[in-house]
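Data block below; observations after.
The values are calculated or read from the model by the stated rules, or taken from the named source; none is laboratory data. Because the structure is predicted, anything quoted here is derived from the model rather than measured. Positions of Cβ are generated from backbone atoms using ideal geometry, with glycine treated the same way; all protein chains shown enter the neighbour counts. What goes into the accessible areas is simple: the full protein's heavy atoms, side chains included, and nothing from ligands, DNA or RNA. Shrake-Rupley method; radii C 1.70, N 1.55, O 1.52, S 1.80 Å.
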Amino acid sequence: MALFKYNGEWLQERRGGLIGAILNSVVARNEQGSRVARRGRRFPRNLLKPRFFRWLLLLLAVLFFCVFATFVLKLLSNGNEEEKHLPLSGEVLEQVSSYDAPLTPPKSKRRKQHFPCEVGLAAAVDNILEPKNYMNFTQFSLEYVEREVNPHANSPQSRFGGYQTLNERKKSFLARNQTIHCGFVKGMSRLSSPGFELTENDKAYMNNCRVAVSSCIFGSSDFLRRPTSRLINEFSKKNVCFVMFVDEQTLSKLSSEGHTPDEKGHVGLWKIVVVRNLPYLDMRKTGKVPKFLSHRLFPSSRYSIWLDSKMRLNTDPMLIIEFFLWRMRAEYAISNHYDRHCVWEEVLQNKRLNKYNHTAIDEQFMFYQSDGLRKFNPSDPNTPLPRTDLCSMYPADVPEGSFIIRAHTPMSNLFSCLWFNEVDRFTSRDQLSFAYTYLKLTRMNPDKPFRLNMFKDCERRALAKLFRHRLLSSPPPP
């Protein structure tokens with residue numbers, strides 16, 4: 001930097017122009033940088049205080065304690081797991097197995113997801129036609145017991161299923177001309193009523209049905225779910241009867257929710273039929289009457305479809321009949337279970353979830369085993385074919401009984417009566433008796449086939465939308 005002397009004093013030279021500006025800016029940056037550098041060389045005094053070291057030691061102690069505690073807990077848990085897997089002596093195992101420990105529900109795990117799949121239905125109702133000679137299945141005549149004549153049934157009260165003896169039960173499995181118990185049995189007294197009473201107008205309406213779609217709600221156990229009208233063809237709306245059976249309690253509940261029947265007794269496509277004098281205290285067992293005995297409730301009908309009240313029909317019923325009955329040359333169609341295929345597994349699951357009284361389930365299953373029901377054993381050379389034995393992954397072992405399609409043929413009607421009689425005699429868990437009824441019927445009539453179509457559960461989900469029940473209609477019986 002240039003200096004010059006003025007009046008005896010040395011003064012800084014001020015240079016103008018480009019050179020002066022550059023020199024002045026360089027000098028300013030050097031002075032500022034030296035100040036910053038001097039400021040950065042200051043050492044923080046807080047680090048030298050004893051209080052800082054005390055906090056640092058406390059933090060390190062806490063971290064060490066957490067790590068040590070984690071290690072100890074892990075070591076103890078590994079020791080417990082090893083004790084669980086220690087081999088027990090035969091004597092100890094025998095003592096443990098002798099106790100009848102109650103079944104506990106399995107540990108909660110992620111629920112499996114099940115989805116609908118494509119069903120090759122016809123494009124329209126106008127394109128379908130019942131095949132010629134379709135009803136040419138096994139032919140015989142069935143009559144039904146109207147009034148109890150069993151001299152051993154001297155009970156003053158009538159029983160809806162009647163008082164069928166074990167000998168009568170055995171003979172009823174023969175596909176031949178006969179009179180069998182099939183519900184609606186009046187007692188020996190002339191004034192007795194079997195229950196499930198309908199008005200004369202409702203009976204007349206149902207007698208004129210040729211194709212019936214039915215469901216039921218008893219004990220206000222569900223919401224009313226109307227079939228999707230836009231997916232039902234006009235032909236089906238005019239020629240198919242859609243009947244919803246309810247009791248008076250359910251009718252009152254539905255009316256309070258805005259589902260009041262019109263002057264013809266309809267709510268949407270459903271014809272509301274009120275049932276009085278319910279035959280069973282267990283609402284679940286009462287629901288088996290319209291589920292299994294549609295051929296008795298609709299005596300003139302050629303076909304019927306049953307769907308549970310937890311489902312909303314999304315498919316035209318005539319397209320369903322064409323695909324699952326006509327095209328498959330079947331007289332009875334029901335879907336297999338979405339998760340279980342073995343009745344042994346179904347028994348255990350019903351007991352785990354307390355679906356019914358355990359003693360009643362055990363009595364029913366022991367009776368079936370004493371009558372020849374046995375688990376499939378592939379190592380046994382005398383074991384029947386997998387198709388005709390249980391737990392062989394043949395889907396007929398356990399059905400998903402919420403959707404049933406049937407032609408009212410003699411063999412189909414007989415199977416429905418037999419299945420209902422098992423539910424009437426034992427528990428209302430019809431999935432426990434399906435395999436036994438089907439196998440006993442086919443084995444006792446080897447020359448008279450029963451054309452059963454067990455279709456996929458994903459196809460069932462494609463036909464109707466599935467919901468959850470509102471609540472349990474009644475607790476399990478004691």
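Condition first: in a loop (DSSP other than H, G, I, E, B), open to solvent by 100 Å² or more (accessible area, probe 1.4 Å) and on the phi < 0 side of the Ramachandran plot. Can you find one or more residues in the range 155-171 that meet it? Yes, that holds for at least one residue.
Exactly one residue out of LEU472, LEU466 is of a type in the set (A, V, I, L, M), at pLDDT below 90 and in contact with a strand residue (DSSP E or B) (Cβ under 9 Å, 6 or more places away or on another chain), and it is LEU466. Just to be sure, is THR427 in contact with a Leu (Cβ under 6 Å, 6 or more places away or on another chain) and either open to solvent by less than 10 Å² (accessible area, probe 1.4 Å) or at pLDDT 95 or above (or both)? Against the criterion (in contact with a Leu (Cβ under 6 Å, 6 or more places away or on another chain) and either open to solvent by less than 10 Å² (accessible area, probe 1.4 Å) or at pLDDT 95 or above (or both)), THR427 does not qualify.
Restricting the range 296-310 to residues that are under 24 Å from GLU200 (Cβ atoms) and of a type in the set (S, T, N, Q) leaves a set whose member that is surrounded by the most Cβ atoms within 10 Å (Cβ to Cβ) is SER304.
For the range 188-218, the candidate set comprises residues that are modelled with pLDDT under 95, of a type in the set (Gly, Ala, Ser) and open to solvent by 10 Å² or more (accessible area, probe 1.4 Å); within that set, the residue that is farthest from PRO279 (Cα to Cα) is SER189.
Only one of the listed residues (ALA435, ALA407) is small (Gly, Ala, Ser) and either open to solvent by 10 Å² or more (accessible area, probe 1.4 Å) or at pLDDT below 95 (or both). That residue is ALA435. Going through (1) in contact with a strand residue (DSSP E or B) (Cβ under 8 Å, 6 or more places away or on another chain); (2) without any contact (Cβ under 8 Å) to a residue 60 or more places away in the chain one by one, THR199 falls short only on (2). For the range 453-462, indicate whether the set of residues that are more than 13 Å from GLU400 (Cβ to Cβ), open to solvent by less than 30 Å² (accessible area, probe 1.4 Å) and either at pLDDT 90 or above or in contact with a Cys (Cβ under 6 Å, 6 or more places away or on another chain) (or both) is non-empty. The answer is yes; a qualifying residue exists.
Tell me, please, whether a residue that is at pLDDT 70 or above, in a helix (DSSP H, G or I) and surrounded by 15 or more Cβ atoms within 10 Å (Cβ to Cβ) can be found in the range 368-376. Within the range 368-376, one or more residues are at pLDDT 70 or above, in a helix (DSSP H, G or I) and surrounded by 15 or more Cβ atoms within 10 Å (Cβ to Cβ). For the range 127-142, residues that are under 30 Å from SER189 (Cβ atoms) and over 35 Å from the mean Cα position of the chain (by Cα) total 1.
Residues of the range 275-295 that are open to solvent by 20 Å² or more (accessible area, probe 1.4 Å) and in contact with a strand residue (DSSP E or B) (Cβ under 7 Å, 6 or more places away or on another chain): ARG276, ASN277. Do the conditions hold for VAL267, that is, is it in contact with a His (Cβ under 8 Å, 6 or more places away or on another chain) and surrounded by fewer than 20 Cβ atoms within 10 Å (Cβ to Cβ)? Yes. At least 3 residues being more than 26 Å from ALA124 (Cα to Cα) and of a type in the set (Ser, Thr, Tyr) is the threshold, and among the helices (runs of 4 or more DSSP H) wholly inside the range 230-323 those reaching it are 248-256. Go through the range 219-249 residue by residue and tally those that are of a type in the set (A, V, I, L, M) and open to solvent by 20 Å² or more (accessible area, probe 1.4 Å). Residues meeting the conditions: 1. Does the range 185-201 contain any residue that is among the charged types (D, E, K, R) and within 27 Å of LEU463 (Cβ to Cβ)? Checked against the condition, which is being among the charged types (D, E, K, R) and within 27 Å of LEU463 (Cβ to Cβ), the range 185-201 yields no hits at all.
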